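The values are calculated or read from the model by the stated rules, or taken from the named source; none is laboratory data. Small disclaimer: the values here were computed from a predicted structure and weren't measured. All Cβ positions, glycine included, derive from the backbone under ideal geometry; neighbour counts span all protein chains shown. Each accessible area value is taken on the protein alone, full model and side chains, heavy atoms only, with ligands, DNA and RNA left out. Shrake-Rupley method; radii C 1.70, N 1.55, O 1.52, S 1.80 Å.
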Amino acid sequence: MPDERELFQQIGQAAARMKPDLITLRRLLHQHPELGWLEFQTAAHVCATLEDLGYQVRTGQEAISGEDRFGVPSREVLEAAWERARSAGAPLRWLETMRGGYTGVVADLDTGKPGMLVAFRFDLDALPVHEAVDAGHLPASQGWLSRIPGAMHACGHDGHLSIGLALARLAVELAPSLAGRIRLIFQPAEEGVRGALAMTRACAGVDRLVCIHIGLGVPSGQVIGGAVGFLATREYRASFKGQAAHAGLEPEVGRSALLAAAQAALALHTLAQYAGHEVRVNVGILRGGVATSIVPPEAELLYRIRADDNSVIEALDQRAHAAVLGAAATYGCHVELEIIGRAGSEDSHPELAALAADLAQSVPGVKSTSHHHPFGASEDATHLMQQVHRQGGQATYIMLGADLAAGHHNERFDFDENSLAIGLELLGKLLVRLLLDSQFKR
Ligand SMILES: [Zn+2]
Ligand SMILES: [Zn+2]
């Protein structure tokens, strides 16, 4: 049996050999971005690829628990996206299972020998961004722009998918030398923290969970073993209903939903005051009204709160509810609150984070590493990490450095593709260190 040194050598060679394929696949995926819960074509491609490689693949309601999904698009939007994937030639066998927005994929590879269950999580979705088309933007000048109007992989998830599928291939090569099981989790709807809660089942029995994200302000050549300080977050849609009336003839009859929503927006922004804690409040969307002669009967407000502590987010959430309900009452309106996203606060496990950082030092192209770094934003991977930590396992969230052409979620976003091979080699080495026959701990 090859020892770890030999396997690491094999992984290094494979990553170098697969580098052009990683870039080609990333660019192909970049041309076919799909928004959260609509990743039919992407997920079907993942299913078909993994099944061909010999993985046991689960998707649809076997992978996603329907009631734990947040911010699922309307039936019409789901069907239109499904039809688009079908007419683009995505395999119907997989598509049928995912219909209605069940686009998660869980794929297992069993070495046949007892050992740990090690899982890797990748995200499938793109963003509602119109991609820049001028020649200064590399995908435009090189001909691999998004082909879906109004959707763009502007966060790097196309890169994560490319690494994930390459890791799937590499793991098959390595499996005869390993013990235990490998699980690949492809999660929909990360943007808006909407998808992970519905996939927590996939982490049942997982001993080690590795998540990874490209960029995030970490430059090329740097790797953070585990992000810490994810902000807990909740995201809501508040729909205000008032009463329309002629604004000149009888304004007193009207109940302005717009004013109620505006009042709620101001009230919400006063709440971000907690000594000793990081707290954020943002009203991101406020819309309503019909004409200047009509008291606005309807308005909609979308807001998001964040905090560095799970009990602070709970308290903030209650105060935000009160602010919204109070504003509606002040103007004689009715309001409905719908939660459309949520994630908890969590830290990477220090032991697994340190292992990832230490292994990264041996990857060509990596110039510096650190064990942990504050994330400063939210990620729904925390649902999965919490699940693994509750079971006594370890989870980490690797920040894979990559210089960016523009920030995440920007229409000119692009990342240094050298990071792809680095990510693959690092995950491959982690896999070997965790599952090498001679070291298994169970
Ligand atoms: Zn993002
Ligand atoms: Zn992202």
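Taken over the range 378-399, the criterion of being within 16 Å of residue 163 (Cβ to Cβ) and either among the hydroxyl-bearing types (Ser, Thr, Tyr) or within 14 Å of ligand 1 (Cβ to nearest atom) (or both) is satisfied by 381, 396, 397, 399. If you go through the range 39-63 and keep only what is open to solvent by 20 Å² or more (accessible area, probe 1.4 Å) and assigned to a loop (DSSP other than H, G, I, E, B), you end up with just 54.
Is at least one residue of the range 321-333 at pLDDT 95 or above, small (Gly, Ala, Ser) and open to solvent by less than 10 Å² (accessible area, probe 1.4 Å)? Break it down into steps so the answer makes sense when it comes.
Filtering the range 321-333 down to residues at pLDDT 95 or above leaves 321-333.
From the residues that got through so far, the ones that are small (Gly, Ala, Ser) too are 322-323, 326-329, 332.
Filter again for open to solvent by less than 10 Å² (accessible area, probe 1.4 Å), leaving 327-328.
Yes: the range 321-333 contains one or more residues that are at pLDDT 95 or above, small (Gly, Ala, Ser) and open to solvent by less than 10 Å² (accessible area, probe 1.4 Å).
Quick check: is even one residue across the range 76-84 more than 22 Å from the chain's Cα centre (by Cα), closer than 21 Å to residue 43 by Cα and part of a strand (DSSP E or B)? No, that holds for no residue.
Scoring residue 66 on the criteria (1) within 16 Å of ligand 1 (Cβ to nearest atom); (2) surrounded by fewer than 17 Cβ atoms within 10 Å (Cβ to Cβ); (3) closer than 22 Å to residue 387 by Cα; (4) not β-branched (Val, Ile, Thr) leaves a single failure, condition (1).
What about residue 378, is it modelled with pLDDT under 95 and either closer than 25 Å to residue 123 by Cα or touching a Phe, Trp or Tyr at 6+ places or on another chain (Cβ under 9 Å) (or both)?
On the way: modelled with pLDDT under 95: yes; either closer than 25 Å to residue 123 by Cα or touching a Phe, Trp or Tyr at 6+ places or on another chain (Cβ under 9 Å) (or both): yes.
In short, yes.
Just one residue in the set 212, 224 is among the hydrophobic types (A, V, I, L, M, F, W, C) and within 16 Å of ligand 1 (Cβ to nearest atom); that residue is 212. Residue 433 - would you say it is in contact with a strand residue (DSSP E or B) (Cβ under 6 Å, 6 or more places away or on another chain), of a type in the set (D, E, K, R) and either open to solvent by 70 Å² or more (accessible area, probe 1.4 Å) or part of a helix (DSSP H, G or I) (or both)? When the stated conditions are applied, residue 433 does not pass them. Scanning the range 338-360 for residues that are out of contact with any Ser or Thr (no Cβ under 8 Å at 6 or more places or on another chain) and closer than 30 Å to residue 275 by Cβ yields 339, 340, 347, 350.
Residues in the range 105-153 that are of a type in the set (Ser, Thr, Tyr) and surrounded by 15 or more Cβ atoms within 10 Å (Cβ to Cβ) were compared, and the one that is nearest to ligand 1 (Cβ to nearest atom) is 146.
Could you say which residue among 266, 271, 216, 249 is in contact with a helix residue (DSSP H, G or I) (Cβ under 6 Å, 6 or more places away or on another chain), surrounded by fewer than 24 Cβ atoms within 10 Å (Cβ to Cβ) and not hydroxyl-bearing (Ser, Thr, Tyr)?
Details: 266 fails: in contact with a helix residue (DSSP H, G or I) (Cβ under 6 Å, 6 or more places away or on another chain); 216 fails: in contact with a helix residue (DSSP H, G or I) (Cβ under 6 Å, 6 or more places away or on another chain); 249 fails: in contact with a helix residue (DSSP H, G or I) (Cβ under 6 Å, 6 or more places away or on another chain).
It is 271.
Restricted to the range 167-190, and to residues that are open to solvent by 10 Å² or more (accessible area, probe 1.4 Å) and away from ligand 2 (no atom under 16 Å from the Cβ), which residue is nearest to residue 4 (Cα to Cα)? The extreme case among them is 177.
If we only count strands (runs of 3 or more DSSP E) wholly inside the range 242-346, which ones have 1 or more residues that are farther than 24 Å from residue 73 by Cα? Steps first, please.
Values: elements: 279-288, 298-307, 334-343.
It comes to 279-288, 298-307.
Of the residues 196, 179, 202, the single one that is in contact with a helix residue (DSSP H, G or I) (Cβ under 7 Å, 6 or more places away or on another chain), under 21 Å from residue 356 (Cβ atoms) and more than 16 Å from ligand 1 (Cβ to nearest atom) is 179. Residue check: residue 101 meets all listed conditions (1) within 16 Å of ligand 2 (Cβ to nearest atom); (2) touching a Gly at 6+ places or on another chain (Cβ under 9 Å); (3) at pLDDT 95 or above but one, namely (1).
Determine, yes or no, whether residue 388 is open to solvent by less than 20 Å² (accessible area, probe 1.4 Å) and closer than 19 Å to residue 23 by Cα.
Numbers: open to solvent by less than 20 Å² (accessible area, probe 1.4 Å): yes; closer than 19 Å to residue 23 by Cα: no.
Against the criterion (open to solvent by less than 20 Å² (accessible area, probe 1.4 Å) and closer than 19 Å to residue 23 by Cα), residue 388 does not qualify.
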